[in-house]
Ligand code: DHK
């Protein structure tokens, strides 16, 4: 049986993780996050594909391309969280669950980071857990995508 596909989409400047303000965003690189999510995906029975773009329109196209292909989306829209209605609208086109992740706790930072347009479509929002936020999002998607009545992956 093919494993359900999860797309992990990342916005601007997240390609610089590891070098970028590590006191805020941590020391892990996006490649580290991709490797950790692929390994966890194997355990959870999910296939994982991680992508990043510095361009709003490309992120919109990634979301459109996930339709009918991905069972769920994890998205860190980065700075576009606070400005992009286009990304919100694209997510409204996607039929599966969406989890929004922020490495930092955006609510403890500058006021302009407190509002995310994307949250209006997200089934859950994880902020302030660093790179672990992606793993938490993956676990939540595994729960949401588990067939009703299935005990697979449950601890007890
Ligand atoms: C990442 C960014 O690049 C910022 O623009 C957001 C987010 C916060 C994060 O915490 O992952 O404001």
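Values in this text are rule-based calculations from the coordinates and carry no lab data. This structure is a prediction, so every number in the text was calculated from the model and none was measured. Please note: Cβ atoms are built from the backbone with ideal geometry, for glycine as well, and neighbour counts cover all protein chains shown.
Data overview
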| item | result |
| --- | --- |
| Which listed residue, of 79, 65, is assigned to a helix (DSSP H, G or I), near the ligand (Cβ under 10 Å from one of its atoms) and at negative phi | 79 |
| Filter result (within 15 Å of the ligand (Cβ to nearest atom) and assigned to a helix (DSSP H, G or I)) within the stretch 1-33 | 14, 15, 16, 22, 23, 24, 25, 30, 32, 33 |
| Residues satisfying the stated conditions in the stretch 97-118, i.e. surrounded by 17 or more Cβ atoms within 10 Å (Cβ to Cβ) and outside any loop (DSSP other than H, G, I, E, B) | 98, 99, 100, 101, 102, 106, 113, 117, 118 |
| Among the candidates 48, 98, 60, residue that is more than 10 Å from the ligand (Cβ to nearest atom), free of Cβ contacts under 8 Å to residues at least 40 places away in the same chain, in contact with a helix residue (DSSP H, G or I) (Cβ under 6 Å, 6 or more places away or on another chain) and within 14 Å of residue 137 (Cβ to Cβ) | 98 |
| Any hit, the stretch 106-118, residues being touching a helix residue (DSSP H, G or I) at 6+ places or on another chain (Cβ under 6 Å), closer than 19 Å to residue 134 by Cβ and more than 13 Å from the ligand (Cβ to nearest atom) | no |
